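Below: the structure, in structure tokens.
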Amino acid sequence: MTTIVLDPGHGGSDSGAVNGSSFEKVFNMDIALRAREYLLRNYDVDVIMTRTADSSLSLPTRTNQANQAKADYYCSIHINAGGGTGWESYIYNGAVSEKSVKAQETIHNYVMSQIRPYGIKDRGMKRANFHVLRETNMPSILLENLFIDTTFDLHLLQNKMFLDTLGNAIGEGLARALALPKLTVDVPLYVVIAGSFSTLENAHQRRLFLRNHGIEAFAVATEVNGVTKYRVQSGAFRNRDLAVVRLDVVKKIGINDAFITTR
Ligand SMILES: [Zn+2]
């Protein structure tokens with residue numbers, strides 16, 4: 001499976017760029033979490049965050065994390081400062097792989113296509129000698145998401161709808177650059193049913209019996225051929241082998257009418 005490292009820049013005692021009560025580190029985290037959410041909701045991918053809390057983290061710690069995890073791609077998220085306006089992306093200005101160049105094009109063009117309607121200026125695809133770009137063993141990118149000290153840009157960064165657009169666009173850009181497989185919507189769940197009853201009371205009795213044996217279970221009402229049945233569900237698994245193991249456990253304590261069904 002493809003592994004992406006999302007790196008919300010700065011954190012803890014290092015706020016990054018500041019404008020009044022607006023901190024770069026906070027925006028970086030907000031955008032990274034939205035991108036992660038989008039990726040995990042839509043694609044078969046692993047996402048590692050260099051930080052999920054407001055903690056201080058050195059640059060080597062960030063890149064070591066990615067290198068040790070042998071991640072496939074590294075994306076650092078920042079907010080610009082210095083009085084300009086717009087959006088830009090960076091890759092390393094030394095030797096980089098063809099894959100790195102192509103990924104920047106894909107991500108940059110996709111994100112711009114989504115945020116341009118907000119009136120955002122495209123500052124271009126750039127290259128620089130940044131630590132996180134130089135010291136990562138995998139293709140990497142650093143995004144400068146608007147300027148914290150420019151009113152027009154800051155207002156957008158304070159707009160939740162815009163942040164959603166931006167976070168989703170970064171997620172989708174990464175997915176396209178890495179050709180991530182779409183998550184199959186209907187991955188079956190293997191559910192262990194430890195008994196099916198006509199009355200809720202009997203289902204509760206069965207549930208208590210299981211609980212007394214240390215097996216988690218709960219009752220669910222199900223329509224079977226127009227008749228309500230109370231099923232005692234004891235576990236739901238993506239992996240069928242795990243469901244079979246649970247079924248064996250349930251049968252060992254004497255519940256011989258247990259079975260596996262899919263949902
Ligand atoms: Zn920064």
R0 of 41 Å, Cβ-Cβ distance Val220-Met161: FRET efficiency to nearest 0.05: 0.60
With n ≥ 4 as the cut-off for DSSP H runs, can you work out [θ] at 222 nm for the chain, using -39500 (n - 2.57) per run divided by the number of residues, rounded to the nearest 500? -12000 deg cm²/dmol
Global geometry of segment 190-262, whether rounded, prolate or oblate, following the gyration tensor of its Cα atoms and the 1.5 cut on a/c: oblate
Honestly segment 3-177 on the Cα gyration tensor test (a ≥ b ≥ c root eigenvalues; a/c under 1.5 rounded, otherwise a/b vs b/c for prolate or oblate) is just rounded
Those trypsin sites (Lys or Arg not before Pro) from segment 1-100 that are DSSP loop and have at most 14 other Cβ neighbours within 10 Å turn out to be Lys70
Taking K and R as +1 and D and E as -1, what net charge do the other residues with C-beta under 12 Å from the C-beta of Arg206 add up to? +1
Report the net charge of residues surrounding Ile48, where surrounding means a beta-carbon distance below 12 angstrom and charges are Lys +1, Arg +1, Asp -1, Glu -1. +1
Acute angle (nearest 10 degrees) that the helix 24-42 long axis makes with the longest principal axis of the chain, alpha-carbon atoms: 40
Lys and Arg at +1, Asp and Glu at -1: add these up for the other residues within a Cβ distance under 14 Å of Asn256 and post the number. +1
Modelled label-to-label distance, Asp122 and His204, 7 Å Cα→beta-carbon offset: nm? 6.5
Under 17 Å from the Cα of Lys251, which aspartates and glutamates turn up, not counting those fewer than eight places away in the same chain? Glu216, Asp241
Sites Thr151 and Asn129 - FRET efficiency at Förster radius 30 Å, r taken between beta-carbons, to 0.05: 0.45
Specify the angular offset, from 0 to 90 degrees and rounded to the nearest 10, of the alpha carbon long axis of helix 59-68 from the longest principal axis of the alpha carbons in the chain. 50
Helix 200-212 vs. the chain, principal-axis angle (Cα, 0 to 90°, nearest 10): 70
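Taken together, the values in this text are just the output of simple stated rules run on the coordinates, not laboratory data. Note that the structure is a prediction, hence the values are computed from the model and not measured. Positions of Cβ are generated from backbone atoms using ideal geometry, with glycine treated the same way; all protein chains shown enter the neighbour counts.
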